[in-house]
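Peer 1: The following block contains the structure, expressed as structure tokens.
The values are calculated or read from the model by the stated rules, or taken from the named source; none is laboratory data. As the structure is a prediction and not an experimental result, all values here were calculated from the model. As a convention, Cβ positions derive from the backbone with ideal geometry for all residues, glycine included, and neighbour counts pool all protein chains shown. Ligands, DNA and RNA are excluded from the accessible area calculation, which covers all protein heavy atoms including side chains. Shrake-Rupley method; radii C 1.70, N 1.55, O 1.52, S 1.80 Å.
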Amino acid sequence: WGAEARTVAAPAPQEPSPSKALVAEFKPPYSHTPLKLAQIDPALKALDPELFAVLPQDGVYLRDYKSPCWVAPTRGLSCLPYFQILGVSKCGTTNLFALLHLHGDIFPSTNKGPHWWDERDPKATSPNALGTVGEYLELFAPMVTRLQAGEHGLVAGEASSNTFTATGTLIRSKVTRTPLIATLLASVLPNQRNIVIFREPVSRFISAYYYYNHQNPTEAALNEHASNSVRQFAKCLETSSAGECARKLYHSAQQLVKGLYGVYLDEWFAAYPRNHFLFLTMETFKRDPRGVLERTFAFLGVRDPTDAEWARMLQAPVKNSRRESAPDTKIETMNDAVRRELLSVYVPCNKVLAGAL
């Protein structure tokens, strides 16, 4: 991002080679880390008692299946996602997800971004509330049908794009600093593959503004919104750390704090081993889609795509691109002084991100 953002040049994120233990999970009989239900923090269980009641009480997912599956007493064969694209919104998550499920062994959730772990209320029962664990499991029911037909190596995934930045802010609809969404996920899905895609943060901010304020977008309103967000952040820093401000301002300056990628890493790395993450950038994805997809398929441990699958992926139209009413979202479209204000916030976090990756 050095040349484009006129800020710290962050190297392309590199993931380590999969460990022997990770590779062992790619082939049958599949290896699943046992759940330690008796040791889980009661505060996590209290968030959604139904979830922990429906999980396999012996803590063991079935080794016949690559995805985390078990026989639930009232549902029969049930599965949770094998991978999630955790975020970040407006960084290409929808397009990446759409291309991944053109691979015949990858099953998407029927709702691309259900936001079940962060935003959904487990007590909500209205139609389409998508709050209960039964409704979440139903998102993966089409894959279960194929598994029952004998295709045991299929994997399911979803792409709720706020999950990465929601840790320490939201969990199962509750606004709270603790417990952490990263900890909840790791307690239920200890082997989950986590994909995170970043984007130069000023461009992400501009894109998000025009996407969510599309009815009457103007550059003047964008500049004012950006300056106001920076002022809120600066005021918060007088008494709190950048990480704490990212949580405190999540709702009032959401698009600003979603670009503070580096402040969220520690909580995710505390929950999952480093080799359970694949970090990508939208810029690399646009420049080399096949290369990024090859890395992603290797990370997920799925077979190489067929020639026909590659053709569909590489010829597919971009999903969820900017709205037609939005101006160009390059950095140069923003007032230069306002752009520098945003960079003054993002540069330190770019340094943290580059160092961590």
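Peer 1: Just to be sure I understand, how many residues within the range 236-266 are β-branched (Val, Ile, Thr) and crowded, with 20+ Cβ neighbours inside 10 Å?
Peer 2: Adding up the residues that qualify gives 2.
Peer 1: May I ask you to list pairs of residues, at least six apart or on different chains, whose Cβ atoms are under 7 Å apart, with the first in the range 166-179 being under 18 Å from residue 49 (Cα atoms) and the second being modelled with pLDDT under 95 and among the small types (Gly, Ala, Ser)?
Peer 2: So the pair list comes out as 179/43.
Peer 1: Continuing with this model, one more query. Can you tell me which residue within the range 267-301, out of those that are open to solvent by 20 Å² or more (accessible area, probe 1.4 Å) and aliphatic (A, V, I, L, M), is farthest from residue 179 (Cα to Cα)?
Peer 2: That would be 298.
Peer 1: If you don't mind, there's one more thing I want to ask. When you go through 77, 102, 96 one by one, which is the residue that is open to solvent by 20 Å² or more (accessible area, probe 1.4 Å), outside any strand (DSSP E or B) and either under 17 Å from residue 305 (Cβ atoms) or touching a residue at least 40 places away in the same chain (Cβ under 8 Å) (or both)?
Peer 2: The match here is 102.
Listed here are the residues, each with its yes/no results for (1) open to solvent by 30 Å² or more (accessible area, probe 1.4 Å); (2) in contact (Cβ under 8 Å) with a residue 40 or more places away in the chain; (3) of a type in the set (A, V, I, L, M, F, W, C); (4) in a loop (DSSP other than H, G, I, E, B).
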position	(1), (2), (3), (4)
125	yes, no, no, yes
134	no, yes, no, no
144	no, yes, yes, no
182	no, yes, yes, no
186	no, yes, yes, no
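Peer 1: Shifting gears a bit: Take the conditions at negative phi, out of contact with any strand residue (DSSP E or B) (no Cβ under 9 Å at 6 or more places or on another chain) and part of a loop (DSSP other than H, G, I, E, B) and apply them to residue 252. Does it pass?
Peer 2: yes
Peer 1: Open to solvent by less than 60 Å² (accessible area, probe 1.4 Å), on the phi > 0 side of the Ramachandran plot and not aliphatic (A, V, I, L, M): is that true of residue 115 in this structure?
Peer 2: So residue 115 fits the description; yes.
Peer 1: Another question about this same structure. Identify all residues within the range 146-177 that are at positive phi and surrounded by 15 or more Cβ atoms within 10 Å (Cβ to Cβ); write none if there are none.
Peer 2: 168, 172, 173, listed by residue number.
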